[in-house]
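Asks: Got a structure for you, written out below as structure tokens; questions coming shortly.
What follows is calculated from the coordinates using simple rules that are stated; it is not laboratory data. All figures in this text were calculated on a predicted structure; none of them were measured in a lab. So basically every Cβ, Gly included, is an ideal-geometry build from the backbone, and we count neighbours across all protein chains shown.
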Amino acid sequence: MSDHIVILGGGTGGTVLANNLAERLGSEIDSSDVRVTLINDDPEHVYKPVWLYVPFGTREPEDGRRPLADLVDDRVELKIDRVTAIDPDAQQLHSTGEVGPIQYDKLVVATGSTLAPDEIPGLAEAGHDYYSESGALELQDELLSFTEGHLVLSVIGSPHMCPAAPLEFVFMADDWLRERGLREDVEITYTYPIQRVHGNPHIAEWARPIMDDRDINVETFFNPEEIDDGTIHTMEGSELSYDLLVAIPPHRGLDLLTEAGLGDSGWVDVDKHTLEAEHAANVYALGDAAATGVPKAGSVAHYQAGVVSQRLASEVRGRPATARYDGKTLCFVETGMDSASYVEFDYEHPPSPAPPSEKLHWSKLAYNESYWLTARGLL
Amino acid sequence: MSETDIEPAATVDARGAACPGPLMDLIGKIRDVESGDVVCLLSDAEQSLTDVPEWAEEAGNELLTVEEPDDHYAFYVVKS
Ligand SMILES: Cc1cc2nc3c(=O)[nH]c(=O)nc-3n(C[C@H](O)[C@H](O)[C@H](O)COP(=O)(O)OP(=O)(O)OC[C@H]3O[C@@H](n4cnc5c(N)ncnc54)[C@H](O)[C@@H]3O)c2cc1C
């Protein structure tokens, strides 16, 4: 009998893991001792960081899409199918495409985040976002015709994908509007849930003076509860009017993960070092789907995939699994249309943002470009 | 071990949360629960001792108590 490793979700984490396993367990797969299956509900692989650039017209959504089959090693069985339920006791998955259940010996959940704008009354109708492909395209249209008024970027979801992206958006919008001679006519306000401009105090301390220098207004302790008629009403009792609202909507994992008893709000409770699910045997979770307390970022999913791959290889070979995730996170932060900073941190070491430079901006673009090698497991 | 007999509707374990941090996690959970529910936040960040009371006051949510079991804090906040 071969061991069947099933990876649910072919985004950043799932794809890197599938390729890493194909490489690491190549001989076991060739001798049919191990099978690796990757299940994704879309034949295309989506690279979300591209969406930050779409509203400003510098990248196209297609730049963030490639056929998954082109990225995944041939030794991996790729299934395009939507999983609808997990039964952790029977070690089975149910899906829309298969008649019977899919049996697993080891399951890795890598299903990412979904957006839940409906949780805030009025947000779906009034707010724009660049956290989805369609949202980013619509926002591009809005921004192109926005020549005067109040642009508000409001961080509502917590946790949300890429904690740096809201700062990046206002820095880029400021620069983009200046270059087009419109900044005098557009007021920019950034709102954040807590008393700083970023959850991490080191990043907040670094970003705040840049915002002040560039006349970006800041509202903190600002948690929108309802949006109506051009005004945001918050849990704290404040109000803010806007002409163009760009929001980071509430995020959720998949309901089917909560229904399977794996954790709340669609996130899987895991041991933050081993990434093993806390409420089921033989289940791992990585990337956005795993509740680890580290940012929901592609770099995190990438590093975690390396750890899970090593642990799975040890387990199928009957050895103790020793690889551990140390919280490593890497992030380039755009500070304008042609400058960026960079942070790296882990569970023990706080971030210390690098001085913004054009070189770091090009490094970010190069990192995004080389992503297609990362996904293939080559970088 | 809990020192109080408050029954939280939800508990957020943000111990070791590197970024964006325990208060962000608490706010996310407060959004999920009903008015009158108690949320318990577990945090090992010193900063939470000032962050959490400050936000609770700002948002009108009552901070019932702060416990200090072992090496972390447990904040009990009622959603207003
Ligand atoms: C605007 C923006 C900018 C960003 N910038 C950065 C950045 O600069 N750096 C960075 O590190 N991160 C960035 N991120 C975050 C990064 O994109 C995510 O954290 C990363 O994609 C998470 O990887 P994942 O594998 O966990 O999930 P995903 O990449 O989201 O993949 C999840 C996969 O699961 C599939 N799936 C879901 N449900 C099912 C189901 N029921 N059945 C089958 N398949 C299913 C989905 O189709 C998808 O392919 C950014 C995100 C956004 C939105």
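Asks: Between A:G14, A:G57, A:G181, which gets the highest mean-square fluctuation from a Gaussian network model of chain A, Cα cutoff 10 Å?
Replies: A:G181
Asks: Here's something else I'd like to know. Pick out, from A:S339, B:P69, A:V316, the residue whose Cα sits farthest towards the positive end of the charge dipole of the protein assembly as shown, with +1 on the Cβ of Lys and Arg and -1 on the Cβ of Asp and Glu.
Replies: A:V316
Asks: Show that you can apply the helix-only estimate: for chain A, add -39,500 (n - 2.57) for every DSSP H stretch of four or more residues, divide by all residues, and state [θ] at 222 nm to the nearest 500.
Replies: After summing the helix terms and dividing by residue count, I get -8000 deg cm²/dmol.
Asks: Another question, if that's okay. Taking each pair of distinct Cα atoms in the stretch A:261-367 once, what is the resulting Kirkwood hydrodynamic radius in Å?
Replies: 15.2
Asks: What percent antiparallel are the DSSP beta bridges of chain A, to the nearest 5? Intermediate results must be reported in sequence, preceding the final value.
Replies: Details: 27 of 63 bridges.
Expressed as a percentage, antiparallel bridges in chain A total about 45.
Asks: Give me the log10 of I(q) over I(0) for the stretch B:10-78 at q = 0.18, 0.19, 0.27 Å⁻¹, as the Debye formula computes it from C-alpha points; what are the numbers?
Replies: The Cα Debye sum returns log10 ratios of -0.57, -0.64, -1.35.
Asks: What order do you get for A:T258, B:T50, A:T234, A:T335 when you list them from fewest to most C-beta neighbours inside 10 Å?
Replies: Ordered from fewest to most neighbouring Cβ atoms within 10 Å, A:T258, B:T50, A:T234, A:T335 come out as B:T50, A:T258, A:T234, A:T335.
Asks: Debye sum, Cα scatterers, chain A, no solvent: what log₁₀ I/I(0) at q = 0.08 1/Å?
Replies: At q = 0.08 Å⁻¹ the computed log10 ratios are -0.42.
Asks: Another one. Provide Rg over Rh for the stretch A:188-329; use the alpha carbon set for both Rg and the Kirkwood Rh (inverse mean inverse pair distance). Don't skip to the answer; put the middle values down first.
Replies: Working: Rg = 19.7 Å, Rh = 17.9 Å.
Taking Rg over the Kirkwood Rh, I get 1.10.
Asks: Tell me the relative contact order for the stretch B:10-78 as a rounded percent, counting alpha carbon contacts under 8 Å between residues six or more apart.
Replies: For the stretch B:10-78, the relative contact order is 34 percent.
Asks: Next question, about the same structure. Counting Lys and Arg as +1 and Asp and Glu as -1, what is the net charge of the other residues whose Cβ lies under 12 Å from the Cβ of B:V33?
Replies: -1
Asks: Same structure again: Cβ under 10 Å from A:V300's Cβ, A:V300 left aside: what net charge do those residues give with Lys, Arg +1 and Asp, Glu -1?
Replies: Values: positive: A:K296, A:K328; negative: A:D288.
With Lys, Arg at +1 and Asp, Glu at -1, the neighbours total +1.
Asks: How would A:S158, A:S132 line up from fewest to most surrounding beta-carbon atoms within 10 angstrom?
Replies: Details: A:S158 25, A:S132 18.
Result, fewest neighbours first: A:S132, A:S158.
Asks: Rg (Å, one decimal) plus Dmax (Å, integer) for the alpha carbons of the stretch A:117-250?
Replies: According to the Cα coordinates of the stretch A:117-250, Rg and Dmax are 13.8, 37 Å.
Asks: What number, rounded to the nearest 500 deg cm²/dmol, is the helix-based mean residue ellipticity at 222 nm of chain B, given -39500 (n - 2.57) per DSSP H run of at least four residues and division by all its residues?
Replies: -9000 deg cm²/dmol
Asks: So in the stretch A:117-250, what percent of DSSP beta bridges are antiparallel if you round to the nearest 5? Walk me through the intermediate numbers first.
Replies: Details: 7 of 23 bridges.
Close to 30 percent.
Asks: In what order do A:L143, B:L23 fall by count of nearby beta-carbon atoms within 10 Å, going from fewest to most? Don't jump to the answer; show the numbers that get you there.
Replies: Working: A:L143 21, B:L23 29.
Least to most surrounded, the residues fall as A:L143, B:L23.
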